[in-house]
Amino acid sequence: MSEWSWESSDAEWVIDRYSTGIVISLLLLMLYVVIMIAIIIALSPNAEDNQLIALSIITSMVLTAYLSIIIYSYTRIKSIRKAIANLKKVEIKDDSIVLETINGIYAAKPNEITICYKTITGRDLRPYAYIIFINYQGTTYQIPYLKPEDYGALRQVLKGHGVYINECQAQ
């Protein structure tokens, strides 16, 4: 029997990408607060009425804090889910398939998993990458953007173990 191995750092990249999104969102919210304060001060008919200005500033800050918490929570949960689904490493050995995720390492027998793929094609309709989905114990993991030559090697090794890769059904 032959062996196959694949390794990637996409899981960490997903978390970094969403963390950057969070920072940009929070900077935009801070800009919103500054603009709101400037508008409130400029449009205030009575510059002496400090209570209206103070109330507007506090309201803007509270609104920004709530929006920041919502955006942070949503993006963090989304990034964790995405990172868990991406595999860091896959090894196919004699009688087991080892899946390494951010969450841990799982060893499965070939008959315990189901595998399907989606093709990513270019303008000339030739595949330039494959996304492989591996379902193990109810959780679907993915190998994103696998090169065609690596996909061919994976297909041959799995075929030698009696596992066949089918195209994923449209969802």
> Fully extended, how many nm does the chain gain between residue 77 and residue 112 (0.36 nm per residue separation, minus their Cα-Cα distance)?
Replying inline: 9.8 nm
>> Report, in listed order, any pair from 118/159; 89/109; 82/109; 82/147 with a Cα-Cα distance greater than 23 Å.
In response: 82/109
> What whole number of Å gives the distance from the Cα centroid of the stretch 65-85 to the Cα centroid of the stretch 92-117?
Replying inline: 28
> Please state the relative contact order of the stretch 31-171 as a whole percent: Cα pairs under 8 Å, 6+ residues apart?
Replying inline: 15
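No lab work stands behind these numbers, since they all come straight from the coordinates. Keep in mind that this is a model prediction, so the values were computed, not measured.
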